[in-house]
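Heads up: the structure comes next, in structure tokens.
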Amino acid sequence: MDIILFGPPGAGKGTQGTLLAERFRLPRLSTGDLLREAVRQGTSLGLEARRYMDAGELVPDEVILGLVREYLQTEGDEGVIFDGFPRTQAQARALDQLLEELGRRIGAVLVLEVPDENLVRRIAGRRSCPGCGAVFNVHFDPPTVQGKCDRCGAALVGRADDDEATVRRRLAVYRAQTAPLIEYYERAGTRLERVAGERPVDQVQHSLVELLSAPAAGAQ
Ligand SMILES: [Zn+2]
């Protein structure tokens, strides 16, 4: 079973992906992790990737796809959950080709959907305590005294990249990147399921598990 998980920043994609991976005993494939590991181990693809990284260039798709191929033939031979890949239609096409060569195909594309306003509140509302590490959210889980940590009383801080403008920019990038991919998979007739992601973690997970356990609507 090969699954792709899409979701905007702040929608809990990492959490849901990890839970799904445990539930279905499949590894979560992050190309960022694959790259770092290949570079660390100094494999031939890792060394090739490193040359681009050292030159401050993007690692080309052929190298990334090479790493994905290796993974799908080893740890991921029973199926994987793709997290953060593919990012472009070119990558999606290349992945389809690769899977076909291996006699596999994407079983489902799962899209976590959360309204932008909700994501902005979730991310931009985050405050953490520099003293003890406690995390609050001014909208969803506010401290008892505004701006002060409940546990140690230190002044709470927001992360620089969590301000509203930055969050909105990241969401715009996600929408621009993902919309053509969703279209690509819909055109290809790949099973695509949208799941309301603003609900509590366990409810979202329940929906995802039910979808993956049930045959696709209209499937034979
Ligand atoms: Zn504290």
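Every listed requirement among (1) surrounded by 11 or more Cβ atoms within 10 Å (Cβ to Cβ); (2) out of contact with any Leu (no Cβ under 8 Å at 6 or more places or on another chain) is met by Leu171 save one, (2). Can you report the number of residues in region 156-168 which are within 11 Å of Ser128 (Cβ to Cβ), away from the ligand (no atom under 16 Å from the Cβ) and open to solvent by 80 Å² or more (accessible area, probe 1.4 Å)? Residues meeting the conditions: 0. The residue of region 118-155 that is nearest to Arg170 (Cα to Cα), among those that are near the ligand (Cβ under 9 Å from one of its atoms) and basic (Lys, Arg), is Lys148. Considering region 103-139, and only residues there that are within 30 Å of Glu78 (Cα to Cα) and open to solvent by 50 Å² or more (accessible area, probe 1.4 Å), the residue that is farthest from the chain's Cα centre (by Cα) turns out to be Gly103.
Close contacts from region 163-192, counting a first residue that is closer than 13 Å to Arg93 by Cα and a second that is open to solvent by 80 Å² or more (accessible area, probe 1.4 Å), with Cβ to Cβ under 9 Å and a gap of 6+ residues or different chains, come to Leu181/Arg87; Ile182/Arg194; Tyr184/Arg93; Thr190/Arg105.
The values are calculated or read from the model by the stated rules, or taken from the named source; none is laboratory data. Model, not experiment: these values are computed from the prediction. Neighbour counts run over all protein chains shown; Cβ positions are idealised from the backbone, glycine included. Surface areas here come from the heavy atoms of the whole protein model, side chains and all, with no ligands, DNA or RNA. Shrake-Rupley method; radii C 1.70, N 1.55, O 1.52, S 1.80 Å.
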